[in-house]
Amino acid sequence: MHLDVLDLRNFYYRSALGRAAQKVIRDELCMVWPEAKGQVVVGFGFALPLLRPFLKDARRVIGLMPGPQGVMPWPADGKNVSVLCEDTLWPIETGHVDKLVMLHGLETTEQPSLLLDEAWRVLGPGGRAVFIVPNRAGLWSRSDATPFGYGRPYSLSQLEAQLRRHQFVTERAMSALYQPPSARKIWRKSAGFLEKVGHNLPVVAAGGVLIVEVSKQMAAPTRPGLTEAVKKPLKALEGIAKPQPKPEAAPSRVSAGCDR
């Protein structure tokens, strides 16, 4: 079940722990996607905190927020880009999106398969998507003090398998949030150091979230019947392989008895 938009807003914008988590995940996303000039960038769930770096250069930025969660206007200092929608019915044209990021969407929806179908639909050929979910092996999925303690946590193999079933191709996988999900000052002061150390650990070791980038690859369409058609040679070329015999000369029409 989706979390309430007010709880998400209070965590990411009004708590020290939430602001720290927002910065860590956004920095990782910016390393994956350093720019989006002239592109359409869409976020689903509560991805608004991650979309700000793309507001300047992207052709369009859209924040999709599921109905059970609720919606809030964003950004506060510009034109609103937030849209309330259903999990499986997005108001976006097919193949229109270049980049899609999903945060607090996949693990909380009651229809994950249909949600991934909708994500596939709106992405254009070669489009990229980043899915951010709670790590089953991490500490954040075990704490109710953060939004990552709700919904279904994933292991990396589970997430990649589910994305693969929906024809997504994994490009890279990483983990983040190696700091404990605690607001205590001692952990806040050491958060930066713990994040640096965590990047040297295996992906599933202790990171609070898994971050998987995928692409939408489409195979070239085949033309039915083309193979059979090629097997039949053109009749106009039949004479090239086998020269035709020259016609015999016609007999002379000299009448007998006309010898003069």
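The values are calculated or read from the model by the stated rules, or taken from the named source; none is laboratory data. This is a predicted model, so every value here is computed, not measured. Glycine also receives a Cβ, built like all others from the backbone with ideal geometry; neighbour counts cover every protein chain displayed. SASA here: full protein model, heavy atoms, side chains in, ligands and nucleic acids out. Shrake-Rupley method; radii C 1.70, N 1.55, O 1.52, S 1.80 Å.
Along its three principal directions, the equivalent ellipsoid of the stretch 1-105 from the Cα gyration tensor extends over semi-axes of 20, 18, 12 Å, largest first.
Surface composition of the stretch 42-190: carbon and sulfur atoms hold 51% of the protein heavy-atom accessible area at a 1.4 Å probe. Set against the 2.2 N^0.38 Å expectation for a compact globular protein, the stretch 5-216 has a Cα radius of gyration ratio of 0.95.
Peptides 127-140, 167-180, ordered by how many other C-beta atoms sit within 10 Å of their residues on average, highest first, read 127-140, 167-180.
Packing here is the average count of other Cβ atoms within 10 Å per residue, and on that basis the peptides 153-163, 19-29, 70-80, highest first, run 19-29, 153-163, 70-80.
Entry comment: accessible area of the stretch 59-216 is 46 Å² per residue, from protein heavy atoms only and a probe of 1.4 Å.
In this structure, the pairs whose alpha-carbon distance is over 30 Å, taken from Lys23/Lys56; Lys99/Lys189; Lys79/Lys196; Lys37/Lys189; Lys56/Lys216; Lys56/Lys185, are Lys99/Lys189; Lys79/Lys196; Lys37/Lys189; Lys56/Lys185. Whole-Hz Karplus values for the stretch 49-54 come out as x, 9, 8, 4, x, 9 Hz, taken residue by residue from phi with 6.51 cos²θ - 1.76 cosθ + 1.60 and θ = phi - 60°; glycine and proline positions read x. Over what distance in Å are the Cα centres of the stretch 93-131 and the stretch 1-78 separated? Here the two parts' Cα centres lie 15 Å apart.
Dipole check for the stretch 5-216: with +1 at the C-beta of Lys and Arg, -1 at the C-beta of Asp and Glu, and the Cα centre as origin, the magnitude is about 740 Debye. Computed over all pairs of different Cα atoms, the Kirkwood value for the hydrodynamic radius of the stretch 70-116 is 12.6 Å.
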